[in-house]
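The values are calculated or read from the model by the stated rules, or taken from the named source; none is laboratory data. Predicted model, so just to flag it, every value in this text is computed and none were measured. Note that each Cβ is placed from the backbone with ideal geometry, even for glycine, and that neighbours are counted across all protein chains shown. Keep in mind that these areas ignore ligands, DNA and RNA; they rest on the heavy atoms of the full protein, side chains included. Shrake-Rupley method; radii C 1.70, N 1.55, O 1.52, S 1.80 Å.
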Amino acid sequence: MNDYDAVVIGAGNGGLTSALTLSQRGVKVLLLERHNVPGGCATSFIRGRFEFEVALHQLSGMGSEESPGPLRGQLEELGVLDKVEFVEEDTIYRTVIPGQVDVTLKADRAAIIELLKGKFPQENEAIERFFDHLYEFCSQLLSGVWLKDPEISKEKYPLYFKYALKNYQEVLDEFFEDHLLKYVLSTYWGYIGLPPRSTAFIDLAIILWAYIELKPVHIRGGSQALSNALLDGFIGSGGTVRFNCGAKKIEVKNNKITGVITENGERFSTNYVISNASSLTTYLGLIDREHVPEKQLKILGASTIGPSAFSIYTGLDCEPEDLGIKASTSFIGTTSDMDRHHALWRTMEKPETVGFTCYDLADPDFSPPGASQVVLVTLQYAFPWLSVPPTQYTDTKYKYAEHMLAIAEQVYPGFRDAIEEIEIASPLTHMRYLGHPGGAIYGFDQYA
């Protein structure tokens, strides 16, 4: 008899939801986590009087009770919807290039169209046509693919079949001339990790549609609150979790899984493993080479490790309005050349774009009274950082952070002077805590 029916490796949200789903159905599950808290990227940490959100900037897919999105339904099915409080945000983002463009888009289609037409009057007709196109495309995607229409065809869903795998830049060029307007409508490419020229229209279209229609939300208490709720549900349904206990090896005999050995040397017998570790770690680190299917190795060989992040966590000794912060999520750039932004992620040159998230606008209790917190993020591949000599690492990290703070200061003067607490995480930091190759936050590069 096996120790467990299934072993889940990694207590990120994928591992947590898998473990909880199985446990709720009567499966005897062991969840292994190398860190001392659940959540993976969805965690928090404390510095001084601040509890910092590690990664989550915006969440979508919740919808409302009257018009629920897929995430709401999933959380309800998992039994944690009433354990977590979500706060809806009224804007999707602010996009700024000082001296060139500054727009804040509401989470409302009509309001976005009206604002963009006022900012780019020469593109008025094209703006209307683009959003009609975007919404009809997403409608066909939802009806034909997500709802699994058995009669799906090019004739029934022509827009979906024609545009799904076109790149987003190609579609923007079809509608617009103004490069700044294209830049504004491409803002969410940072949530994928590839510029519009390399991103499929389907990916950016559904992200933009979802944040407008299903609204951006913030988790009260941060993403750690959701991770804790999932873990509580798992334990409450009879599951077993081990922290500070990473997996070292997945045993395979006669083409069947037989058990898992932990880094502590314990062995647990099982016939099923769900790995929430990276696929590279799973197939090349946890399973002996002779047991890995050649097909899987070819898939890995055709993939490239995606970007990590450079993150600056700041606790401020003032309220957001004291610095003129009116949007929870801002994207600040110095140029509209998105291909250049992406190219810089592969170098140690100073960044030219920064994500700026303030959590206290949606959740005034997120920080202590009279204080607030902001996280600055730019994406970066890890390999340039791996070449930095250890003796130069700290200076290099601080210089890079200075460049990001300078970009933020252009839009929010006085920001630096308001910093009470600061912590800086490079791609190497994310490698250390996530255990992902390259500290990748999106897995592999998302080339469709």
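State the number of residues belonging to region 370-398 that are part of a loop (DSSP other than H, G, I, E, B) and either under 20 Å from the mean Cα position of the chain (by Cα) or acidic (Asp, Glu) (or both). So that I can check it myself, show each step before the final result.
Applying the first criterion (part of a loop (DSSP other than H, G, I, E, B)) to region 370-398 yields 370-371, 381-382, 387-389.
With either under 20 Å from the mean Cα position of the chain (by Cα) or acidic (Asp, Glu) (or both) added as a condition, the list becomes 381-382.
Total satisfying the criteria: 2.
Can you pull out every residue in region 401-417 that is in a helix (DSSP H, G or I), over 13 Å from Ile332 (Cα atoms) and open to solvent by less than 10 Å² (accessible area, probe 1.4 Å)? Break it down stepwise before answering.
Initially, region 401-417 is screened for residues in a helix (DSSP H, G or I), giving 401-411, 416-417.
Cutting the leftovers down to over 13 Å from Ile332 (Cα atoms) gives us 401-402, 416-417.
Across region 401-417, the qualifying residue is only Ala401.
Go through (1) under 20 Å from Asp102 (Cβ atoms); (2) of a type outside the set (Asp, Glu); (3) touching a Pro at 6+ places or on another chain (Cβ under 8 Å) and name the single condition Gln380 misses.
(1) is the only condition that Gln380 fails.
Identify the single condition in (1) free of Cβ contacts under 8 Å to residues at least 60 places away in the same chain; (2) in a loop (DSSP other than H, G, I, E, B) that Glu251 does not satisfy, given that it satisfies every other one.
Condition (2) is where Glu251 drops out.
Identify the single condition in (1) in contact with a Pro (Cβ under 6 Å, 6 or more places away or on another chain); (2) modelled with pLDDT under 95 that His218 does not satisfy, given that it satisfies every other one.
(1)
If only one of Leu297, Leu284 is open to solvent by 70 Å² or more (accessible area, probe 1.4 Å) and either at pLDDT 95 or above or of a type in the set (A, V, I, L, M, F, W, C) (or both), which one is it? Quick ask: steps written out before the conclusion?
Values: Leu297 fails: open to solvent by 70 Å² or more (accessible area, probe 1.4 Å).
Just a single option satisfies the conditions, and that option is Leu284.
So which of Ser311, Ser330, Ser367, Ser336 ends up being in contact (Cβ under 8 Å) with a residue 12 or more places away in the chain, part of a loop (DSSP other than H, G, I, E, B) and buried (at least 22 other Cβ atoms within 10 Å of the Cβ)? Give the derivation first.
Details: Ser311 fails: part of a loop (DSSP other than H, G, I, E, B); Ser330 fails: part of a loop (DSSP other than H, G, I, E, B); Ser336 fails: buried (at least 22 other Cβ atoms within 10 Å of the Cβ).
Of Ser311, Ser330, Ser367, Ser336, the one residue that is in contact (Cβ under 8 Å) with a residue 12 or more places away in the chain, part of a loop (DSSP other than H, G, I, E, B) and buried (at least 22 other Cβ atoms within 10 Å of the Cβ) is Ser367.
Residues of region 346-359 being open to solvent by 10 Å² or more (accessible area, probe 1.4 Å) and either farther than 25 Å from Leu59 by Cβ or in contact with a Phe, Trp or Tyr (Cβ under 6 Å, 6 or more places away or on another chain) (or both), which ones?
Arg346, Thr347, Met348, Glu349, Lys350, Glu352, Gly355
Within region 194-212, can one find any residue that is small (Gly, Ala, Ser) and assigned to a loop (DSSP other than H, G, I, E, B)?
no
Return yes when Ala126 is closer than 28 Å to Ser308 by Cα, open to solvent by less than 40 Å² (accessible area, probe 1.4 Å) and in a helix (DSSP H, G or I) and no when it is not.
Answer is no for this residue.
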